[in-house]
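**Q** Dropping a structure here in structure tokens format, bear with me for questions.
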Amino acid sequence: MIPLVLATALTGASPTNGSDLLTEADFAYRAGFEARADAAKARPHFLRAAESYEVQWDVGNRTPAIARSMAQSQYFAGDLGRCIRDYRRGLRAFPHDPDLRRGLAFARDQVAYPHVGELAAIARPADPTSPLDRVRIPLVRLAWVAVVLSAIGWFVLARAWFAARGGLALFGGALVLSATALGSGLWWEDSRQRARWAEPAAVVVGAGAELRTGNSDEYPKRLDERLPAGVEMKILGERGGWLHVELAGGAVGWVRQDRVAQVN
């Protein structure tokens, strides 16, 4: 039962509705890609594509493909911070999508950390490892394996009951127990990943931001260096136009709200 519920939950997704806005977004993206040799000409196309994809996302038309296109449009438009923000938005909805994870990893590598100082060590994110990283099989596919094992196991148990064969019953019971254990493990890992990406977060955009010890420019800086565009942070609170945040390395401080894009 657990594998069946898990597989149903994991495969559910909102289909694209084929709206004119989505078509317009795709057209603008292609126009920008064709003009990419001239960044000044390509950027307006990518910005328009990003805005259109974001509208689709905000109204609930959410798929991994739209999330990737939204993030890539921001990247080609020169907005690394919002690119990372949009990859994280996609992973919040689809935490196991390998293309979104690869895209986020690539975007993170583009963050311009200074070569000296402690900022890179404090701010560079390190996602927790997952047992699925070693297996390299999509979680949905593993869920279907659990479903098939469970179905075979119950079938074998039914045959054993009619035939009164104890050995066959033991084999069927082992299959059912294995499927249940696999399904439970996948459910736990899915819950863990979803909780990790659902944490309130923000990403630095524009020319960067200063991390201060309080929610005002009058407070001293928490770090000497400015946070470059693309730095991610967990949101701990909000007060007076400032966000109380924690960087990946544990440093805590305050940043101006207008210097970051929140992941929502």
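**Q** Based on a Kirkwood Rh over C-alpha pairs, give the Stokes-Einstein translational diffusion coefficient of the chain at 4 °C and viscosity 1.567 mPa s in µm²/s.
**A** 62
**Q** Same structure, new question: Could you list ILE84, ILE137, ILE152, ILE122 so that the one with the fewest beta carbons within 10 Å of its beta carbon is first and the one with the most is last?
**A** Ranked by crowding around the Cβ, least crowded first: ILE137, ILE152, ILE122, ILE84.
**Q** Compute the angle between helix 98-109 and the longest alpha-carbon principal axis of the chain, please, reported from 0 to 90 degrees and rounded to the nearest 10.
**A** Orientation of helix 98-109: about 30 degrees from the principal axis.
**Q** Per the Kirkwood formula on distinct C-alpha pairs, the Rh of segment 199-262 is how many angstrom?
**A** 11.2
**Q** Something else about it: Against the longest principal axis of the chain, how steep is helix 2-11, in degrees 0 to 90 to the nearest 10, with axes from Cα atoms?
**A** It works out to around 40 degrees.
**Q** For segment 151-213, what is the convex hull volume of the alpha-carbon atoms per residue, in Å³?
**A** It comes to 108 Å³ per residue, whole-number rounded.
**Q** Let me ask another. Return the single residue from ALA50, ALA77, ALA42 with maximal mean-square fluctuation; model: Gaussian network over the chain, springs between Cα atoms under 10 Å.
**A** Of the options given, ALA42 has the highest mean-square fluctuation.
**Q** Counting other Cβ atoms within 10 Å of each Cβ, which chymotrypsin sites (Phe, Trp or Tyr not before Pro) in segment 19-52 have at most 13 and sit in a DSSP loop?
**A** none
**Q** Whole-Hz ³J(HN,Hα) for each residue in segment 170-178, computed from phi via Karplus 6.51 cos²θ - 1.76 cosθ + 1.60 with θ = phi - 60°, x for glycine and proline: what do you get?
**A** Karplus-based 3J(HN,Hα) across segment 170-178 equals 5, 5, x, x, 5, 5, 5, 5, 5 Hz.
**Q** Expressed as a rounded percentage, what relative contact order does the chain have, with Cα pairs under 8 Å and six or more residues apart?
**A** 19
**Q** Quick one: angle between helix 39-58 and the longest Cα principal axis of the chain, in degrees between 0 and 90, rounded to 10, please.
**A** Relative to the chain, helix 39-58 is tipped by roughly 50 degrees.
**Q** Let me ask something additional. I want to verify a result. In a Gaussian network model of the chain, Cα cutoff 10 Å, which of these has the top mean-square fluctuation: ALA39, ALA28, ALA164?
**A** ALA164
**Q** Among THR129, THR213, which comes first, second and so on when ranked by fewest other beta-carbon atoms within 10 Å?
**A** Listed from fewest to most nearby Cβ atoms, that is THR129, THR213.
**Q** Looking at the P(r) of segment 13-109, how many percent of alpha-carbon pairs lie beyond 22 Å?
**A** 23
Every number in this text was worked out from the coordinates using simple rules, so none of it is lab data. Treat the numbers as computed from the prediction; the structure is a model and nothing was measured. Glycine gets a Cβ as well: all are built from the backbone with ideal geometry, and neighbour counts include every protein chain shown.
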